[in-house]
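Everything on this sheet refers to the single structure shown next.
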Amino acid sequence: MAVRAVLGLAVHLFRQGFSLLLIYRLNLSVQTNGLLLSLQGLLTSLVQGLAIRPLLRRFQEPPLFFRGMLLLSLTLALLAAAPSLPFLVLLLPPLALSTGVLRTTYTALLTTSVAQTEVGQLLGLSDAIMSACRVLGPSTAGLVSSQFGYHAPVAISKSRQGP
């Protein structure tokens with residue numbers, strides 16, 4: 001569950017920090033910001049709906065989870081340094097792939113790690129942790145941004161993801 005908490009906070013730091021990065025660093029409008037976030041959400045949904053099954057045929061869940069972590073870490077590092085909108089748009093597919101893979105494989109790994117009678121309790125606890133992260137992420141990102149600059153939440157999010 002500690003992994004879930006760290007990953008959850010990192011994801012929500014990223015989401016808030018990503019918006020700040022888009023608006024302040026790349027001088028994008030709120031409308032463009034919203035479109036990019038929607039596009040990323042759509043791409044992630046497509047990954048979860050269309051790509052997971054073929055990936056699981058090729059890779060076991062633990063190695064796929066690890067690869068997703070590596071891809072997400074690299075993508076977040078590149079996003080923190082994104083010099084332009086076209087460069088950022090090129091990073092949305094690997095971001096969607098990594099987050100889609102991580103969400104799906106994490107849940108699968110979590111549910112297979114406990115007895116079947118404990119799955120419901122574990123999923124409930126996992127959802128409670130994610131709810132807390134949804135509350136803490138934006139306020140933490142705002143605090144970090146005000147103290148260290150708008151790029152800090154994305155950089156911190158990357159460091160919490162792993163190598």
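The values are calculated or read from the model by the stated rules, or taken from the named source; none is laboratory data. Just so we're clear, the structure is a prediction, and the values are computed from it rather than from any experiment. Cβ placement follows ideal geometry from the backbone for every residue including glycine, while neighbour counts extend to all protein chains displayed. For the accessible areas, the whole protein counts, side chains as well, though only heavy atoms, and no ligand, DNA or RNA atoms are used. Shrake-Rupley method; radii C 1.70, N 1.55, O 1.52, S 1.80 Å.
Within the accessible area of region 1-108, what % is carbon and sulfur when the probe is 1.4 Å and the other protein chains stay in place? Each step should come with its number before you reach the end.
Working: 3740 of 5480 Å².
Carbon and sulfur atoms account for 68 percent of the accessible area of region 1-108.
Measure off 7 Å from each Cα along the Cα-to-Cβ vector at Gln31 and Leu74, then give the distance between these two points in nanometres to one decimal.
With each label point 7 Å from Cα toward Cβ, the separation is 3.6 nm.
With the radius of gyration and the Kirkwood radius both derived from the Cα set of region 1-148, what is their ratio Rg to Rh? Write out the running numbers ahead of the final one.
On the way: Rg = 16.2 Å, Rh = 16.4 Å.
Here the Rg-to-Rh quotient is 0.99.
Would you calculate, for the chain, the mean residue ellipticity at 222 nm contributed by helices, counting each DSSP H stretch of 4 or more residues as -39,500 (n - 2.57) and dividing by all residues, to the nearest 500?
Values: 7 runs with 131 residues, N = 163.
Only helices count here, giving -27500 deg cm²/dmol.
If we count every other residue with Cβ under 13 angstrom of Phe65's Cβ, Lys/Arg +1 and Asp/Glu -1, where does the sum land?
Details: positive: Arg4, Arg67, Arg103; negative: Glu61.
Around Phe65, the charge tally is +2.
Output the relative contact order of region 58-114, whole-number percent, from Cα pairs under 8 angstrom with separation of 6+ residues.
Details: 33 pairs, mean separation 29.3, N = 57.
So the answer I get is 51 percent.
Relative contact order of the chain: what whole-number percent is it, with Cα pairs under 8 angstrom and at least 6 residues apart? Working shown, then result.
Details: 174 pairs, mean separation 79.1, N = 163.
Relative contact order, the chain: 49 percent.
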